[in-house]
1. Can you tell me how the stretch 113-256 classifies by the Cα gyration tensor, rounded, prolate or oblate, using a/c under 1.5 as the rounded cut?
2. Stokes-Einstein at 4 °C, 1.567 mPa s, Kirkwood radius from Cα pairs: D for the chain in µm² s⁻¹?
3. Give the calculated FRET efficiency between Ile179 and Arg321 to the nearest 0.05, with a Förster radius of 41 Å applied to their Cβ-Cβ distance.
4. Determine which residues of the stretch 72-96 fall in the zone a paramagnetic label at Val40 would reach in this model, i.e. backbone nitrogen under 19 Å from the point 7 Å along Cα→Cβ.
5. Students often get this wrong, so check it: of Lys47/Lys133; Lys133/Lys166; Lys335/Lys359; Lys119/Lys335; Lys47/Lys332, which have C-alpha atoms separated by over 31 Å?
6. Averaged per residue, what accessible surface does the chain expose to a 1.4 Å probe, in Å²?
7. Need the full-extension length gain, Leu2 to Val341, defined as separation in residues times 0.36 nm minus the C-alpha distance. One decimal, nm.
8. Mind giving me the FRET efficiency for Val18 and Tyr228? R0 is 30 Å, r the Cβ-Cβ distance, nearest 0.05 is fine.
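The values are calculated or read from the model by the stated rules, or taken from the named source; none is laboratory data. Fair warning: this is a prediction, and the values are worked out from it, not measured in the lab. Backbone-built Cβ (ideal geometry, glycine too); neighbour counts: all protein chains shown. Note: areas computed on protein heavy atoms with side chains; ligands, DNA, RNA excluded. Shrake-Rupley method; radii C 1.70, N 1.55, O 1.52, S 1.80 Å.
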Amino acid sequence: MLYELAQYLEQYVRAFNVFTYITLRVVLAALTAMAISFIVGPAMIRKLTTYKIGQAVRDDGPQTHLIKSGTPTMGGALILVSVGITTVLWADLANRYVWIVLFTTLGFGAVGWVDDWRKVVHRNPKGLSARAKFSWQSVIAIAAVTYLAYNAKLPQQTELIVPFFKAISIPLGAVGFVILGYFVVVGTSNAVNLTDGLDGLAIMPTVMIASALAVFAYVSGNAVYAKYLVFPLISGAGELAVICGAIAGAGLAFLWFNAYPAEVFMGDVGALALGAALGMIALVVRQEIVLLIMGGVFVVETLSVIIQVASFKLTGKRVFRMAPLHHHYELKGWKENQVVVRFWIITMMLVLFGLSTLKLR
């Protein structure tokens with residue numbers, strides 16, 4: 001909206017040209033999303049508290065978590081509101097990638113909202129059934145990824161890029177791209193959701209990864225940088241950096257309220273949506289493997305659940321004291337803040353390693 005306005009005003013006042021630059025709009029998007037979250041956040045938390053939309057805490061986990069019972073949840077809606085408004089304000093609304101990422105993000109957020117609503121309002125501990133949740137996630141992901149596959153104009157838009165190697169890429173074709181994209185979007189969404197179990201644990205890695213993906217989006221959409229760094233040029237992908245900036249800004253503001261001791265929890269509405277957004281952006285800019293690297297904490301948390309369930313079903317024994325992995329370390333004696341900050345540090349290292357693939361090719 002403001003991007004289009006700046007383009008119009010540029011005809012009369014040359015200075016408005018500065019607002020058409022992606023780099024500036026990324027910064028402004030981050031600041032706008034932060035401002036919206038800081039302004040709306042306290043009121044939203046009060047409303048959630050008034051309506052008694054509180055988190056239920058498992059009594060078989062760390063006993064220190066019992067004090068968290070009743071803390072307002074579904075706070076991820078604050079992030080979605082901030083990201084949605086900011087994107088409409090600062091992104092190029094004629095860009096199809098912007099809309100497909102928004103569609104995916106809000107679609108997964110809607111699934112998470114229904115799940116949370118049933119849990120905390122209708123007091124149904126199961127929320128949406130696993131089948132219903134997975135089915136709706138699948139419908140949204142397949143629709144979005146299929147749109148990308150069949151609107152790809154160049155072969156490299158459906159190739160799997162192998163990081164650190166200039167000339168190695170795996171042709172997938174439309175069908176292969178849809179299959180890969182489905183697992184990337186749904187997998188990342190649920191991985192972030194599984195990680196969201198401690199105050200601030202999931203949101204800060206999300207902020208760091210979104211910030212890194214903004215760099216990849218900018219490079220992929222810029223003819224000069226894409227050629228220099230031997231990246232596939234994906235016209236229009238640069239606009240996704242604006243969404244990444246909005247996610248980073250909204251996420252940092254949310255951390256203000258979600259840091260230990262949390263005033264509000266993200267809930268499935270936030271975790272599922274943010275994970276899907278990261279997966280879709282990585283898919284557009286052809287950096288699925290780099291996302292896997294940077295999201296190593298999300299990957300390990302998910303694997304810990306898979307290993308735990310498989311081991312218990314096959315042998316009757318547990319590999320970890322509790323899954324996901326962050327609870328295992330809590331039960332081993334790590335304090336909550338220690339687990340969170342150490343996982344942040346690991347993510348920062350992995351994100352820097354992922355960014356190194358820009359040049360080490």
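1. Values: a/c = 2.56, a/b = 1.52, b/c = 1.68.
Note, shape of the stretch 113-256 comes out oblate.
2. This corresponds to a translational diffusion coefficient of 62 µm²/s.
3. Here the calculated transfer efficiency is 0.70.
4. Flagged as within label range: 72-93.
5. On the way: Lys47/Lys133 26 Å; Lys133/Lys166 39 Å; Lys335/Lys359 38 Å; Lys119/Lys335 28 Å; Lys47/Lys332 37 Å.
As for pairs spanning more than 31 Å Cα to Cα, those are Lys133/Lys166; Lys335/Lys359; Lys47/Lys332.
6. Working: 16520 Å² over 361 residues.
Per residue, the chain has 46 Å² of solvent-accessible surface.
7. Full extension from Leu2 to Val341 adds 118.3 nm.
8. The formula returns an efficiency of 0.80 here.
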